[in-house]
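Colleague: I'd like to ask some things about the structure below.
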Amino acid sequence: MITYFSKPTNRGFTIFLMVVATHFISLLGSSVARFGLGVWAYQSTGQVSSFAVVLVAGFLPAIVLSPFIGIWIDRKGPRLLILLGDIIGLIISSIIFSSLLLGNISMVHVIAGAISLSIVSSMQTPALQTLAPNLVPKEMLSRANGVFSMASSTSDVLGPVIGGVIMGFGSIVYIIGAELVTYCIAIPILLILWTKLSVKVNNDNEDSHENNSILGDLKYGFNYLIEHKSLLTLVLLFTVLNFALGFNQVVGQPYILSFGTVEQFGLLSSIYGGGMVLGGVLMSFIKLKKHIIWLVLISNFGIGVFITLTGLFNNMLLIAVFWGGLGLLLPVVNTGTLTLIQLHTEPKLLGRVFSIARTFAWISLPLAYIIGGILADKLVASNVNIIPYLGSGERGVYGTLLLLAGGLIILTVAIFAQLKYIKELDRREENDVQHNV
């Protein structure tokens, strides 16, 4: 187990920006590849189930591996995992690229590609989240998290756009080739920054609560969350809200297409993505010092309101405003939540806490997709008219489910805002967990 000795500095913030910029390059390649793999799976088989298999393959490895990756980070530090993620991505992408050139591509290769992207993400994301508080001064943590959120949002927006352009002029060979190029750029830059990312560590095996076994470390991470009720409450809040957002994602597209066109949906998606990028940019300039939890709760409340309003109206101009606001608030929630976890977690446990939180989040999304999809299909098939104002048919059903998702977020925020453990996060403006010297 490790105890961090490094002292965050302003120079550390600059180094972290360089790491995030490098990570953005590989993130963009992964986003392009994820889009291309999904398109190839559907076009080659003509089955939605094949596309769904690719989506599931992108979730399961992260769910299984995240807790153990957190243990690695806490034992060895985050630096190596950031590099290993790119190396693993490079190796698997090279194998898929070679198969494509030989004409031997199959669903097995596509699923392997989706799994590799999931593994890379599950390694690098918690590693970067853990690295930030060890490089960046406390008063600049929210800005660092904002930059990280902006990089993730921008790659998610640009990836499908670039992937669509590449697929329009070529094939999936060019998609995987582009991903290979991004890894080849990112790895040398990380090696150049390698010494600047070192975190001096000290083996602390004499601590009575440490356990050398992997299961012991994992158990201690869960026990730490259970004992620190404010952190546990924050993770549970994030999980419930993530479930509601997943519900919104699976219903939002068919809702728009029930009365709009594909082009209109594409425009709305662009506005939503633009809002996310703008939100990330804003958070990269704002220093969050006080009342962070209330900013998170208010932003989540706003997200719930925007989703609810989307289900009530079929005016594209209004929905564009709602989706833009929804995208704008998501980076605020993510940045605030990351900052709170970093400020209220012991440095030597950050890896496990982030990985456990990520596991809960990844579990909630496929559950939302499955429940939302099955519920929507059954209600549409039964042709029920739940809310007369919305009418019957697809629009009425999907609109009702959006009201359910938005209402769940609003209700969750209202309940959690009353909990004393949430209020403790606001009272503890100064982190009582100090780096051991």
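Colleague: Any residue in the range 166-181 that is under 17 Å from His109 (Cα atoms) sitting within a Cβ distance under 9 Å of a residue that is assigned to a loop (DSSP other than H, G, I, E, B)? List the pairs, counting only those 6 or more apart or interchain.
Modeller: Here the result reads Ile172/Ile105; Val173/Ile105; Gly177/Gly170, each pair linking the range 166-181 to a residue that is assigned to a loop (DSSP other than H, G, I, E, B).
Colleague: Also, I was wondering about something else. With Asp156, Asp86 as the choices, which residue is of a type in the set (D, E, K, R), surrounded by fewer than 23 Cβ atoms within 10 Å (Cβ to Cβ) and within 19 Å of the chain's Cα centre (by Cα)? Break it down into steps so the answer makes sense when it comes.
Modeller: Numbers: Asp86 fails: surrounded by fewer than 23 Cβ atoms within 10 Å (Cβ to Cβ).
Of Asp156, Asp86, the one residue that is of a type in the set (D, E, K, R), surrounded by fewer than 23 Cβ atoms within 10 Å (Cβ to Cβ) and within 19 Å of the chain's Cα centre (by Cα) is Asp156.
Colleague: So if I check each of Val250, Val199, Val235, which one is touching a Phe, Trp or Tyr at 6+ places or on another chain (Cβ under 8 Å), β-branched (Val, Ile, Thr) and modelled with pLDDT of 85 or more?
Modeller: So the residue among Val250, Val199, Val235 that is touching a Phe, Trp or Tyr at 6+ places or on another chain (Cβ under 8 Å), β-branched (Val, Ile, Thr) and modelled with pLDDT of 85 or more is Val235.
Colleague: Identify, please: which residue in the range 356-395 is outside any loop (DSSP other than H, G, I, E, B), over 30 Å from the mean Cα position of the chain (by Cα) and of a type in the set (Gly, Ala, Ser) and is, among those, modelled with the lowest pLDDT?
Modeller: Only one residue fits best here, namely Gly393.
Colleague: Residue by residue through the range 80-134, note down the ones that are assigned to a helix (DSSP H, G or I) and without any contact (Cβ under 8 Å) to a residue 12 or more places away in the chain.
Modeller: Applying the first criterion (assigned to a helix (DSSP H, G or I)) to the range 80-134 yields 80-102, 107-134.
Within the range 80-134, Leu80, Ile91, Ser98, Ser99, Leu102, Val108 meet the criteria.
Colleague: Considering only residues that are crowded, with 24+ Cβ neighbours inside 10 Å and among the β-branched types (Val, Ile, Thr), which ones fall in the range 338-361?
Modeller: Residues satisfying the conditions are Thr339, Val353.
Colleague: Find all pairs meeting these conditions: Cβ atoms under 6 angstrom apart; at least six residues apart or on different chains; first residue within the range 336-347 and within 17 Å of Gly280 (Cβ to Cβ); second residue not in a helix (DSSP H, G or I).
Modeller: Thr339/Leu288
Colleague: Looking at the range 130-138, can you tell me whether even one residue there is surrounded by fewer than 18 Cβ atoms within 10 Å (Cβ to Cβ) and assigned by TED's automatic domain parsing to the domain that holds Arg79? Give the steps one after another, and end with the answer.
Modeller: Quick first cut of the range 130-138, residues surrounded by fewer than 18 Cβ atoms within 10 Å (Cβ to Cβ) only: 137-138.
If we keep only those that are assigned by TED's automatic domain parsing to the domain that holds Arg79 as well, we get 137-138.
The answer is yes; a qualifying residue exists.
Colleague: Which residue, of Phe247, Phe306, is touching a residue at least 40 places away in the same chain (Cβ under 8 Å), more than 30 Å from Pro133 (Cβ to Cβ) and within 19 Å of the chain's Cα centre (by Cα)?
Modeller: Working: Phe306 fails: within 19 Å of the chain's Cα centre (by Cα).
One residue alone meets the criteria, Phe247.
Colleague: Do we have any residue at all in the range 259-266 that's crowded, with 19+ Cβ neighbours inside 10 Å, free of Cβ contacts under 8 Å to residues at least 60 places away in the same chain and over 25 Å from Leu340 (Cα atoms)?
Modeller: Narrowing the range 259-266 to residues crowded, with 19+ Cβ neighbours inside 10 Å: none.
Within the range 259-266, not a single residue is crowded, with 19+ Cβ neighbours inside 10 Å, free of Cβ contacts under 8 Å to residues at least 60 places away in the same chain and over 25 Å from Leu340 (Cα atoms).
Colleague: I need a count of the residues in the range 313-328 that are in contact (Cβ under 8 Å) with a residue 40 or more places away in the chain, among the aliphatic types (A, V, I, L, M) and surrounded by fewer than 22 Cβ atoms within 10 Å (Cβ to Cβ).
Modeller: Initially, the range 313-328 is screened for residues in contact (Cβ under 8 Å) with a residue 40 or more places away in the chain, giving 314, 316, 319-320, 323-328.
From the residues that got through so far, the ones that are among the aliphatic types (A, V, I, L, M) too are 316, 319-320, 326, 328.
Okay, now just the ones that are also surrounded by fewer than 22 Cβ atoms within 10 Å (Cβ to Cβ), so 316, 320.
Number of matching residues: 2.
Colleague: While we're looking at this one, here's another question. Assuming Phe360 fulfils every condition listed in (1) free of Cβ contacts under 8 Å to residues at least 12 places away in the same chain; (2) within 27 Å of Lys138 (Cα to Cα) apart from one, which condition is it?
Modeller: Going through the list (1) free of Cβ contacts under 8 Å to residues at least 12 places away in the same chain; (2) within 27 Å of Lys138 (Cα to Cα), Phe360 breaks only (1).
Colleague: While we're on this one: If you take the residues in the range 282-297 that are over 17 Å from Phe13 (Cβ atoms) and surrounded by fewer than 17 Cβ atoms within 10 Å (Cβ to Cβ), which one is modelled with the lowest pLDDT?
Modeller: Kept after step one, since they are over 17 Å from Phe13 (Cβ atoms), are these residues of the range 282-297: 282, 290-297.
Those still in the list that are surrounded by fewer than 17 Cβ atoms within 10 Å (Cβ to Cβ) too: 282, 290-291, 294.
Values: Leu282: 90, Lys290: 79, His291: 85, Trp294: 92.
Among those that are over 17 Å from Phe13 (Cβ atoms) and surrounded by fewer than 17 Cβ atoms within 10 Å (Cβ to Cβ), it is Lys290.
Colleague: Out of all the residues in the range 221-232, which are in contact (Cβ under 8 Å) with a residue 24 or more places away in the chain and either within 19 Å of the chain's Cα centre (by Cα) or under 21 Å from Arg75 (Cβ atoms) (or both)? Don't jump to the end; show me each part of the working.
Modeller: Going through the range 221-232, the residues in contact (Cβ under 8 Å) with a residue 24 or more places away in the chain turn out to be 221-222, 224-225, 228-232.
Those that are in contact (Cβ under 8 Å) with a residue 24 or more places away in the chain and either within 19 Å of the chain's Cα centre (by Cα) or under 21 Å from Arg75 (Cβ atoms) (or both): Gly221, Phe222, Tyr224, Leu225, His228, Leu231, Leu232.
Colleague: Another question, if that's okay. Can you confirm whether Gly406 is outside the structural domain of Pro61 (by TED's automatic domain parsing), crowded, with 16+ Cβ neighbours inside 10 Å, at pLDDT 85 or above and within 20 Å of Gly304 (Cα to Cα)?
Modeller: Values: outside the structural domain of Pro61 (by TED's automatic domain parsing): yes; crowded, with 16+ Cβ neighbours inside 10 Å: yes; at pLDDT 85 or above: yes; within 20 Å of Gly304 (Cα to Cα): yes.
Criteria met by Gly406.
Colleague: Looking at the range 103-143, which of its residues are within 17 Å of the chain's Cα centre (by Cα) and either among the charged types (D, E, K, R) or farther than 22 Å from Lys76 by Cβ (or both)?
Modeller: Ala114, Ile115, Leu117, Ser142
The values are calculated or read from the model by the stated rules, or taken from the named source; none is laboratory data. All figures in this text were calculated on a predicted structure; none of them were measured in a lab. Please note: Cβ atoms are built from the backbone with ideal geometry, for glycine as well, and neighbour counts cover all protein chains shown.
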